[in-house]
Amino acid sequence: YMDVSCAEKLRKMMDDCHEAGNYPYICSAYRTQQQQENLFNNKIIRVMYTGVSLEEAPVIAARSVAVPGTSEHQLGLAVDIIDYNYPYLNEQQETMPTQKWLMENSWRYGFILRYPKDKQDITGITYEPWHYRYVGKEAAEYIMENGLCLEEYLDEIK
């Protein structure tokens, strides 16, 4: 599911990406509070298995999984899109044809790559070459043209 404000734009982007010879696959879109809690708690457990304390684990987990109640997926404005031929959520995703197309064209549909590699210090989230956020076409175009992340854009328009 996606918010009604962007569902048709997402469908068009996916169709155009496929028509360009790619194989986009949505692996995550809207999430309930319970789904986000499960993902976050699971990440905490996995972090603790590496030897991190219970006190530190949530802080480390929050760098790659949003704290429940703060996830853009819970808004219905974020979507994780992978290349069907590479079903892994890791940095290799950026080398896939689907991601290359999306990184070049998503702004045309009002979406941005939400957590760019060179903006981790600003977003506070690790690089996710599969996570796209709907911000509207005008904002997406400005963000793309100026090499910004959403936080920088929001600072500029204040």
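The values are calculated or read from the model by the stated rules, or taken from the named source; none is laboratory data. As the structure is a computational prediction, the values presented were derived from the model and not from experiment. Because the Cβ atoms are built from the backbone with ideal geometry, glycine has one as well, and the counts that use them run over all protein chains shown. Each accessible area value is taken on the protein alone, full model and side chains, heavy atoms only, with ligands, DNA and RNA left out. Shrake-Rupley method; radii C 1.70, N 1.55, O 1.52, S 1.80 Å.
In the frame of its principal axes, region 1-98 has Cα extents of 48, 30, 15 Å, reported largest first.
Kirkwood radius for region 25-157, taken over all pairs of different Cα atoms as the inverse mean of 1/r, rounds to 15.5 Å. Only protein atoms count toward the accessible area here, which uses a 1.4 Å probe; on region 1-132, the carbon and sulfur part of that area reaches 54 percent.
Simple spin-label estimate for residue 153 and residue 63 gives 2.6 nm between the two label positions (7 Å along the Cα-to-Cβ direction from each Cα). In the full protein context, region 64-113 carries 45 Å² of accessible surface per residue, based on a 1.4 Å probe and ignoring ligands, DNA and RNA. What do you get for the angle between helix 137-146 and the principal long axis of the chain? Use alpha-carbon atoms, 0 to 90 degrees, nearest ten. So the helix axis and the longest Cα principal axis differ by about 80 degrees. In the chain, the DSSP-assigned H stretches of four residues or longer account for a calculated mean residue ellipticity at 222 nm of -12500 deg cm²/dmol, using -39500 (n - 2.57) per stretch and the full residue count as denominator.
Find the relative contact order for the chain and round it to a whole percent, using C-alpha pairs within less than 8 Å whose residues are 6+ positions apart. Please report the intermediate quantities before stating the final value.
Numbers: 228 pairs, mean separation 36.7, N = 158.
Normalised by residue count, the contact order of the chain is 23 percent.
Cross-link reach is defined here as a Cα-Cα straight distance under 18 Å, omitting same-chain residues fewer than 8 places apart; for residue 117 the lysines meeting it are 100.
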